[in-house]
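**Q** Before we start, here is the structure in question, set down as structure tokens.
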2 protein chains.
Amino acid sequence: MHGSGRVKIVDVAAAAGVSVTTVSHVISGRRPVSAATRARVEDAVRRLGYQADPSARGLRTQRTDTVGLVVPDITNPFNTELAAGIQAVAYARGLLTVVCEAPMTDGPQLPAVLGQLTARRLDGIVLGRFGAQRADLDLIAGSGARLVRLGTRIADGPGDVVRGAETEGMRGLVRYLVGERGYRRIGFIGGEAGVEPGGERYEGYRQALAEAGRAVPEDLAVWTGFTREGGRAGAARLLDTAEPPDAVVCANDLIAIGALDVARERGLDVPGRLAVTGYDDIDAASMVSPALTTVVNPAREIGRSAARLLIDRLDGDEGPAREVVLTHQVVRRTSA
Amino acid sequence: MHGSGRVKIVDVAAAAGVSVTTVSHVISGRRPVSAATRARVEDAVRRLGYQADPSARGLRTQRTDTVGLVVPDITNPFNTELAAGIQAVAYARGLLTVVCEAPMTDGPQLPAVLGQLTARRLDGIVLGRFGAQRADLDLIAGSGARLVRLGTRIADGPGDVVRGAETEGMRGLVRYLVGERGYRRIGFIGGEAGVEPGGERYEGYRQALAEAGRAVPEDLAVWTGFTREGGRAGAARLLDTAEPPDAVVCANDLIAIGALDVARERGLDVPGRLAVTGYDDIDAASMVSPALTTVVNPAREIGRSAARLLIDRLDGDEGPAREVVLTHQVVRRTSA
DNA sequence: TCTGTCATGCAAAACGATTTGGATACGTGA
DNA sequence: TCACGTATCCAAATCGTTTTGCATGACAGA
């Protein structure tokens, strides 16, 4: 009849014929315990199904063994992969992961969500791609939680950073479009203006064009939203201009999928008449047809790296802020 | 310089000139406090940025204000929607949600993950669609956590249940295929045999055929896995039979997307030469072309219902086990 | 034999909240 | 004046761990 969730450390101590101190020491290994005693204790733990109460432990140790991930949209597949990556390495270390959504729509939800999280005394927080205010970052840092920011620059605030080589990735993609495929008039559809990682991706597009000696067509860059709907609107705008593009480079895959929609509606052959490219390589990118040529943004690996940074900090690493940048690779499918 | 995360209830009491008891009472409202005192305390809380320590509170109250969701695959969009639904209503109640993945591959991970969760003393657990053993369910129930199971029957174990009307949904879909669209030889591609909700969906398919006076073609039902790859394999098997089907009904959308792949490879017009249907209506279902005719499985609403059930229990509802079943609606797109 | 070192194990003091059983003061009715 | 509610507030016990400072026994070196 064990496992009723009610067995306490004193019960284990009684069963093993030792004091609670000794039980604690064999569990934590913080002081030596003779092999014989250790065996008796471990046996009692097993028999009784003892699991330390996390509240009591946390009260004493001031740790919750919990880390959080905050993202703007929990259903976005990129964020899901991120969460999976963090979860995997955190779980292996006995850390629980909670992922929270702080929608960017209807006002700044971020401070409220962050308030909930700091109230929970999380050991660490991974902050997904936001236009986070400096005050938000300081709130986290001030709460005692270690912080890892995603997709921004190290100088922007406290904590460590992991980000992808967005600019380089996009530059490689556009270079491929003009160099190997010979597209001539290349448009750009961005997400919300000013929201990362839109800026860096646009920068990569601009650089590649400049390197190739092409003029950067200012009239062929539009900013909408990082959604399929945004892609539809953006593509429509671009195709309705006097001199429409023969290729559109999109700031993410969802936008590209929206662009594919309008191409199909208008009977435009892709990639013959119009090339379309995405960014991120979410699952859906290879499900649509034509399959998207895009850049793989290693979301899961980003999550893993972030979790590893966090764990290093929790293990006492007090070195200077670190930044890990992951390379991005273009994957050629049929849409361009 | 407040908000340093170190302010305790005694600090608030001192600042307000009252005892800690009184502070606790104005916060919890468990005993009356005069308006003047209340105001002073609330002001102090605000000024100091006091947030109660969850470990200390949890130790005393034996609650963690945390609920968990366990799913086989955290990146599956259906599960993501589920999580979003739970999260939304839990968050509004001040509950934190943790979602855990217990992969069905490489052996039974479920017991291990469940062990981690019961060690955390969660207040409630929502258990996604698994082939969960009775022992697993009893483990949860025995840990003191309230349990909501998804997609199974109420009689199968402890806790409440929320499930979709899978059988009816599939019956409606197949009825549409034979009645309105006139398909004659309809195959079925299932996921892993014996894993919910495969059985119910197959049952719906069978019933619809029987109702229409059709023979149920035993040779046209194959079981693979709930993935795109599974769909590819299943469709190939079906199309290579002596008398191939003119329509394939798939147990979920990913399978259907795989089936679409092989139709495209073989140059089969969909839906002219072969109809393909899915189930769940994940985002990708409307992104592929032809867009999938499928059945919408209201994942987010399922999540909301589950969270509401949990909260009722946490609020003291000790009534008999409850079961909420949500209707499923077929959505007609172009693939059938 | 005496002293000093290890190796062990224990008792008791935190950790920061909630909650119970009184205390205090103030009216009120007899 | 006395007894008795009522409205407020407080002191102290409690939740289940971890961890610090000692106590004990064994053993070695002098």
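The values are calculated or read from the model by the stated rules, or taken from the named source; none is laboratory data. The structure displayed is predicted, hence computed values, not measured ones. Ideal geometry is used to build each Cβ from the backbone, glycine not excepted, and the neighbour counts take in all protein chains shown. We work out accessible area using only protein heavy atoms, side chains counted, and drop any ligands, DNA or RNA first. Shrake-Rupley method; radii C 1.70, N 1.55, O 1.52, S 1.80 Å.
**Q** Compute a Gaussian network model of chain B, connecting alpha carbons closer than 10 Å, and tell me which residue from B:THR227, B:THR152, B:THR37 fluctuates the most.
**A** B:THR37
**Q** A further question on this structure: Once R0 is set to 25 Å, what does the formula 1/(1 + (r/R0)^6) return for the Cβ-Cβ distance between B:LYS8 and A:ARG31, expressed as a FRET efficiency to the nearest 0.05?
**A** Details: r = 30 Å, r/R0 = 1.19.
With a Förster radius of 25 Å, E is 0.25.
**Q** Farthest toward the dipole's positive end in region B:166-296, which of B:LEU220, B:VAL270, B:LEU173, given Cβ charges of +1 (Lys, Arg) and -1 (Asp, Glu) about the Cα centre?
**A** My answer, from the dipole projection, is B:VAL270.
**Q** OK, next. Defining the label point at 7 Å along Cα→Cβ, can you sort the distances from B:ARG63 to the same site in each other copy, shortest first, in nm?
**A** 2.8
**Q** Of B:ALA145, A:HIS25, A:VAL296, which is farthest along the charge dipole of the protein assembly as shown in the positive direction, counting Lys and Arg as +1 and Asp and Glu as -1 at C-beta?
**A** In the protein assembly as shown, that residue is A:HIS25.
**Q** Separate question: Label-to-label distances across copies for A:ALA35, with labels 7 Å out along Cα→Cβ, in nm, shortest first?
**A** Spacings between copies for this position, smallest first, are 7.4 nm.
**Q** Heavy-atom accessible area of B:HIS25 with all protein chains present, probe 1.4 Å, nearest 10 Å²?
**A** It works out to around 40 Å².
**Q** A follow-up question, please. Determine the gain in length on full extension of the stretch B:VAL324-B:ALA155; use 0.36 nm per residue of separation and subtract their C-alpha separation, reporting nm with one decimal.
**A** On the way: separation 169, 0.36 × 169 = 60.84 nm, distance 1.33 nm.
Gain on stretching B:VAL324 to B:ALA155: 59.5 nm.
**Q** Taking a ≥ b ≥ c as the square roots of the Cα gyration tensor eigenvalues, with a/c under 1.5 meaning rounded and otherwise prolate when a/b beats b/c, else oblate, which class fits chain A?
**A** On the way: a/c = 2.95, a/b = 2.66, b/c = 1.11.
Note, shape of chain A comes out prolate.
**Q** Please state the relative contact order of chain B as a whole percent: Cα pairs under 8 Å, 6+ residues apart? Present the calculation step by step, with values, prior to reporting the outcome.
**A** Numbers: 633 pairs, mean separation 54.9, N = 336.
So the answer I get is 16 percent.
**Q** Keeping all protein chains in place and using 1.4 angstrom, which order do A:GLU229, B:GLU323 fall into by accessible surface area, from largest down?
**A** Working: A:GLU229 110, B:GLU323 75 Å².
Ranking A:GLU229, B:GLU323 by accessible area, largest first, yields A:GLU229, B:GLU323.
**Q** Another question, if that's okay. Pick from B:GLY58, B:GLY157, B:GLY278: which residue has the top mean-square fluctuation in a GNM of chain B where Cα pairs under 10 Å get a spring?
**A** B:GLY58
**Q** Roughly speaking, to the nearest percent, how much of chain B's 1.4 Å accessible area is carbon and sulfur? Don't jump to the answer; show the numbers that get you there.
**A** Working: 7250 of 14160 Å².
So the carbon and sulfur contribution to the accessible surface is 51 percent.
**Q** Let me ask something additional. Assume the label is 7 Å from Cα along Cα to beta carbon: what separations in nm does B:GLN329 have to the matching positions in the other copies?
**A** Ordered by increasing distance: 4.4 nm.
**Q** What length, rounded to one decimal in nm, is gained on full extension from B:ALA92 through to B:ARG332, with 0.36 nm per residue of separation minus their alpha-carbon distance? Present the calculation step by step, with values, prior to reporting the outcome.
**A** On the way: separation 240, 0.36 × 240 = 86.40 nm, distance 3.49 nm.
Full-extension gain reported as 82.9 nm.
**Q** Of B:THR22, B:THR97, which has the most accessible area and how do the rest follow, probe 1.4 Å? It would help to have the intermediate numbers written out before the result.
**A** Values: B:THR22 35, B:THR97 10 Å².
Largest accessible area first, the residues go B:THR22, B:THR97.
**Q** Would you work out the charge dipole size for chain B about its Cα centre, treating the Cβ of every Lys and Arg as +1 and the Cβ of every Asp and Glu as -1, and quote it to the nearest 20 debye?
**A** Working: 41 positive and 41 negative charges, 269 e Å.
I would put it at about 1300 debye.
**Q** Highest GNM mean-square fluctuation, chain B, Cα pairs closer than 10 Å: which of B:GLY190, B:GLY198, B:GLY267?
**A** In the Gaussian network model the winner is B:GLY267.
**Q** Ignoring ligands, DNA and RNA, how do B:THR21, A:THR327 rank by accessible area with a 1.4 Å probe, largest first? Provide the component values of the computation, followed by the final result.
**A** On the way: B:THR21 75, A:THR327 115 Å².
The ordering from most to least exposed comes out as A:THR327, B:THR21.
**Q** Over chain A, give the accessible area per residue in Å² for a 1.4 Å probe, as an integer. If you can, show how the numbers build up before the last one.
**A** Numbers: 14170 Å² over 336 residues.
Result: 42 Å² per residue.
**Q** So which trypsin sites (Lys or Arg not before Pro) in region A:145-175 end up in coil per DSSP with only 12 or fewer other C-beta atoms within 10 Å?
**A** Values: sites: A:ARG146, A:ARG149, A:ARG153, A:ARG163, A:ARG171, A:ARG175; in loops: A:ARG153.
Passing sites in region A:145-175 are A:ARG153.
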